[in-house]
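See below for the structure under consideration.
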Amino acid sequence: MKINDLILRSITKLVVFIILTLAIYLFFSGHNAPGGGFIGGLVLASAIVLLLLTYDIETIKYGIPVDFKIVSAIGSLIVLLTGLGSILFGEPFLTMSFATFDIPILGERELSTVTFFELGVALAVVGVVITIILSISEDV
């Protein structure tokens, strides 16, 4: 018998939106302030864990058809390639470089290799955390 959890599901939709917004903010503010890929990935994983607690695992696997082991592997690969990219240009491993681009609507923006590194870290963290949570839930 399943209890009627309409209020929980309604509030979860709002809270997950707020958590995802915070995760994006933390991810992009990590270059100049506390935050970055690790914290952003943990906050993003907490939103997915909240969805897993509110709904059942099959519903979330249907809604997010992603193998989180592959997500963590892709994140680790991005981190490795970011580090090796600097070696190709004769710099030490994980040396940061950046360039400015003129984007038509947004104006002049700076793009750094740190952003790609942080993206890899965030994907690795999300993949590992959700894989651990799913494996713990399968044991029960």
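The values are calculated or read from the model by the stated rules, or taken from the named source; none is laboratory data. Every value quoted in this text rests on a predicted model; they were computed, and no experiment measured them. Here the Cβ positions follow ideal geometry from the backbone for every residue, glycine too, while neighbour counts run over all protein chains shown. To get the accessible areas, we keep the full protein, side chains included, count just its heavy atoms, and leave off ligands, DNA and RNA. Shrake-Rupley method; radii C 1.70, N 1.55, O 1.52, S 1.80 Å.
General observations
- Scanning the range 87-113 for residues that are in a helix (DSSP H, G or I) and modelled with pLDDT under 85 yields 88, 113.
- Among the residues of the range 35-48, at least one is surrounded by 13 or more Cβ atoms within 10 Å (Cβ to Cβ) and free of Cβ contacts under 8 Å to residues at least 12 places away in the same chain.
- Taking the conditions (1) of a type outside the set (Lys, Arg); (2) open to solvent by 70 Å² or more (accessible area, probe 1.4 Å); (3) without any contact (Cβ under 8 Å) to a residue 24 or more places away in the chain in turn, residue 70 satisfies each one other than (3).
- Taking the range 77-96 as the range and being more than 14 Å from residue 124 (Cα to Cα) and aliphatic (A, V, I, L, M) as the test, the residues that pass are 84, 87, 88, 94, 96.
- Set side by side, the residues 110, 118 differ, and just one is in contact with a helix residue (DSSP H, G or I) (Cβ under 8 Å, 6 or more places away or on another chain) and among the acidic types (Asp, Glu), which is 118.
- Condition broken by residue 58, with the remaining ones in (1) among the acidic types (Asp, Glu); (2) in a helix (DSSP H, G or I); (3) in contact (Cβ under 8 Å) with a residue 12 or more places away in the chain satisfied: (3)
- Residue selected from the range 96-116 under the condition touching a residue at least 12 places away in the same chain (Cβ under 8 Å) and open to solvent by less than 60 Å² (accessible area, probe 1.4 Å), by the criterion farthest from residue 52 (Cα to Cα): 99
- Selection status of residue 76, over 12 Å from the mean Cα position of the chain (by Cα), farther than 18 Å from residue 22 by Cα and open to solvent by less than 100 Å² (accessible area, probe 1.4 Å): yes
- Selected residue (criterion: surrounded by the fewest Cβ atoms within 10 Å (Cβ to Cβ)) from residues of the range 1-34 that are in a loop (DSSP other than H, G, I, E, B) and of a type outside the set (D, E, K, R): 1
- Selection of the range 94-136 for residues being polar (S, T, N, Q) and either closer than 18 Å to residue 35 by Cα or in contact with a Cys (Cβ under 6 Å, 6 or more places away or on another chain) (or both) yields 112, 113, 115.
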